[in-house]
Every structure is written in structure tokens, then in C-alpha cells.
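Computed from the coordinates by the stated procedures, all read-outs in this text should not be read as laboratory data. Since this is a predicted model, take the numbers as computed values, not measurements. Note: ideal-geometry Cβ built from the backbone for every residue, glycine included; neighbour counts use all protein chains shown.
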């Protein structure tokens, strides 16, 4: 492996993760404008966001296998170009259903680039530069959290919601061009846990569909309940499968160790809360407080700005009890903040 500039390696890898972060926050700011343009209901907006996330999560195991077989360099390039192309095509959507379809395609692209960006890092950095390069990668990627709500809000205010999907192309072309300077990772054959992948994917799909159905104005409660029950049954089936297959998707010890289960549950609650809160913050700030997309973007930006700082601080803590205390205090602070935001959004 030839010596590569840490800034080059981190910049190329961050083009993928940073673009996903930009997309998530910019589209969140655009939600009210998209709703008004297509006369869409809230559940359609939820599917627009969740379609990408569900497809990304479902495709990640396949993406890792493709990276092993064809190399992370080629797989990353395909993913970043597909993500941007689907975003650009989505900007020409004439219905909310069409936009959801392109968001699903973006999810496939996101799945291809995310795991292979870390594989590219490992293939192009020396042990001496690892910490420095990873720090650069996180810092550059985090700019997506800053540019997304601010830049997206500015574009939406002046040019409409479609403009929020134009910037992906520039980022993708940069990543696809500069990746030519990097070495490819090793290639190997890996077997996949197809039963585990499919049951995990449909578990998430059924639970997500059930929760969204419960939140509809004219909810079909029997259908929503049935979807939740199916999701729980599929989750139990996934648990049983992972204990029987030779190459499980998830290490079975993760599902039996009480500490690991606690951490996984906390992470699931945190990520679900963050996704839901940014959704609500964007909609409530622009609807209840009559803010412009740019002003709504500033509100979303304020809720995201300290995330990279918190990640850097947590990464330096080695003591597990201290991490638990930080997670608990962070959860309390998050809860208090959301109560304040809810009160301000409904106040005079």
C-alpha cells in the first residue's frame, strides 16, 4: 500500500457519508414544501423518509458481500453515483409516489457506499495515520449536518423543494473522480445469511408500516395491529434463525447478553427519536410558527450541530460506567429539549 494523504482518503470516504447526512437533513427541511406541492398526507411523508432508511438497512449485508467480491472501490463508486442520480431524478417527480420510489433507489445507493467507505479507509491508511484520518472523516462528513439544513433551507426558500436534491450530483462526481487515487481493498468470497436478512428486513418493514398506520388521521387500527403482530413474530423468527445458521447476520451472543441488548435497545430508541424529532421539528416550526424553509432549517441545524462534538467526546472515553452515565444524562437532556421545543411550537 502506497502512502496516501489522510485528507484525500478522508475526503473521498466523507463524500459518501456526508452526502447521506446532507440529504437527510435537507429533505427533512423540505417536508412542508413537498407536502404542499403534492397535497400529500403525513404518512406519505413518513414513507418518503423511511423508504430510504428501510432499503439501506435491508441492503447493507448484500452491499458488504458485493464489496468483498468486486472490491470496495468499485462498489462505493456505483453507490455514490446511484444515490446522486436517484436524487436528481427525484427532483423531477410529478407525484409523491414517484418521489418515494426514487427515495428507495437512493436507499440502495446508500447501502452500497456506506460500508464500503470504511473499507476504503482501512485499505488506504497506515496504523500511524488511522486516528488522524478517521477524525478527519468524521469531521468532514459532519459538515453534511451543517450544510443540509442551512443550505437546503436557503435553496428551498429561493428555488423550491426540488433544488434541495441538486447538490448531490456535485458531491458524487467529486467522490467518483477522486476515488481513482485510492487503492482498492481485498476481495474475498463470503456466504450470506439470506433467511436472516429477509426476516430482519420484513420485521422492520412490518413494524414501520404498523406504526405509520397507527398515526394516520383515519387509521385502520385492525390493520395496524396486525402489522405490529406480524413484525413481532418475524422478529422472534429472526432470533431463532440466528441461533441455527452457520454464518449468522448477527452474533447470537448479542441477542442473549443483557448488557448488549441494553445498548442495542438504547441505540434503537436514540436513532428512532432523532429521526422522528427532526421530522416533527421541521414540520412544526414551519406550520405552527410560520417560519420560512431557511428559518426552519436553522431550527433543525440547532438540533444537530452538537452531534459531531458529542461523538468526538464519547470516542475518547474508555470507561464503560462513564459511558453509561453520559448516555443517561444525554437522554435526559434530549427529553427536556424536546419538551421545550414542543411547548414553543404550540405557544403564542
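Take the Cβ-Cβ distance between residue 264 and residue 183 as r, set R0 to 35 Å, and report the resulting FRET efficiency rounded to the nearest 0.05.
About 0.55, to the nearest 0.05.
From the square roots a ≥ b ≥ c of the eigenvalues of the alpha-carbon gyration tensor of segment 193-246, which class results: rounded (a/c under 1.5), prolate (a/b over b/c), or oblate?
prolate
Have a look at 218, 271, 50 and tell me which one the Gaussian network model of the chain (Cα, springs below 10 Å) gives the largest fluctuation.
Maximum fluctuation in the GNM of the chain, among the listed residues, is at 218.
With an 8 Å cut-off on Cα pairs and a minimum separation of 6 or more residues, tell me the relative contact order of the chain in percent.
It rounds to 25 percent for the chain.
Running a GNM on the chain with Cα contacts under 10 Å, which residue among 253, 157, 139 ends up with the highest mean-square fluctuation?
Answer for the Gaussian network model of the chain: 253.
By counting other Cβ atoms within 10 Å of each Cβ, how are 304, 267 ranked from fewest to most?
Neighbour counts put them in this order, fewest first: 267, 304.
Provide the descending list of Cα extents for segment 111-250 along its principal axes, expressed in whole angstroms.
So the three principal-axis extents are 53, 51, 23 Å.
Can you tell me the Rg and the Dmax, both Å, for the Cα atoms in segment 62-115?
In Å, with Rg to one decimal and Dmax whole: 12.1, 38.
For the chain, restrict the atom set to alpha-carbon positions and state the Rg and Dmax in Å.
Radius of gyration, then largest Cα-Cα span, for the chain: 20.5, 62 Å.
Starting from the Cα of residue 174, move 7 Å in the Cα-to-Cβ direction to define the label point; list residues of segment 96-116 whose amide nitrogen is under 13 Å from there.
none
With each pseudo-label sitting 7 Å past Cα toward Cβ, what's the residue 233-residue 214 distance in nm, one decimal?
The modelled label-to-label distance comes out at 1.8 nm.
Which of 75, 42 has the fewest other C-beta atoms within 10 Å, and how do the rest follow up to the most?
42, 75
Among 221, 22, rank each residue by its count of other Cβ atoms within 10 Å, from fewest to most, as a rough exposure measure.
221, 22
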